[in-house]
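The next block holds one structure in the form of structure tokens; read it before the comments.
The values are calculated or read from the model by the stated rules, or taken from the named source; none is laboratory data. From a predicted model like this one, the values you see are computed outputs, not experimental measurements. Heads up, the Cβs are rebuilt from the backbone with ideal geometry, glycines too, and the neighbour counts pull from every protein chain shown. Side chains included, ligands, DNA and RNA excluded: accessible areas come from the protein's heavy atoms. Shrake-Rupley method; radii C 1.70, N 1.55, O 1.52, S 1.80 Å.
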Amino acid sequence: MRGHIGRILPVALALFAAFITLMVSVASTVDEALPRTGAAPAPEPAPAADPDHGDETVAVPGTDLMVSVDAVYPGGRTASWIESGASTRERTAIPAGSRASAATAAAAQCRDRAYALATWRVKGRLSWTYNPSAAPAAVGRSALTEIKASAQALVAGQNVCRLPGPFKVTQAYQSTTKRAPAVVATSRSTSCGKEDGASVVGWKRMSSTALAVTCTWWTRAGQVVSADIAINTRYAWFTKRPSRCSSSFDLRSVLVHEWGHAYGLNHVSPTRHGSQVMASTIPACAVVRTLGAGDHAAMRKLYGVR
Ligand SMILES: [Zn+2]
């Protein structure tokens, strides 16, 4: 009997180890949107680490876990994009009531078909929760409505270019939560915490200059497991563009961008493709709530139209 167990035990242990390996075989990435104009309330020194690194994927030693970081900081090449981006006409703020500017912005958005894809996608539906704690008073009451609208804008393919939608993928708001987004963003680094099976959108005071940061965890087969979005409370946010706007940011515009990451879209250059939702920076006061031709082409490529 003892000899029998001696033969079975190593096999059972090997099977258990294989199971655990499978369970933790998820990878994660982090994406953040930066303000275009350098309107950070309290500018921070540039990070010591090389800020110009692109998408970085590393294996966590001792596990089968992959971690991918896509972070952009002021001080490197990205900063020059931010600075020059502010002076270009590609994605400038649309003055309230200015129809000509709105038409020009729409035309630019519909002409540009640039996009970049990540290596993951959502299968079927992404269900998510919302943590309202720390939401700024200015947007607190309407924040959830705006976040829902932003997720829906992406999967429905909302656009002003007469492009078809919705896409063959959905989103579903579940409930409020007390969980915090598993996002760690400081002035020096940006990373993701542990995948916990829940997708959480919430507010965080982060010393990072990012407006918002998205962590997406996915299996090696490229299927999203969950995505967390942290919105930085160091910035001023609006849900309705104030008539006199100088340094606050549109919650819905930034969230459409962050959902874009969760659903498998990557950045395009803000100087060349500033009209697109997936441009990596957004100017203060700008409203970019609908998909550009490039954003739409990316979603269509990944999911197809219903
Ligand atoms: Zn981004």
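Of the residues making up the range 193-223, those that are farther than 25 Å from ARG141 by Cβ and surrounded by fewer than 23 Cβ atoms within 10 Å (Cβ to Cβ) number 11. Elements of the type strands (runs of 3 or more DSSP E) sitting completely within the range 167-218 and holding at least 1 residues that are hydrophobic (A, V, I, L, M, F, W, C) and under 19 Å from ALA149 (Cα atoms): these cover 170-176, 200-204.
In the range 150-160 there is at least one residue matching the filter, namely being within 25 Å of GLY292 (Cβ to Cβ), in contact with a helix residue (DSSP H, G or I) (Cβ under 7 Å, 6 or more places away or on another chain) and surrounded by fewer than 17 Cβ atoms within 10 Å (Cβ to Cβ). In this structure, does ARG244 turn out to be open to solvent by 30 Å² or more (accessible area, probe 1.4 Å) and more than 21 Å from GLN152 (Cα to Cα)? Answer is yes for this residue.
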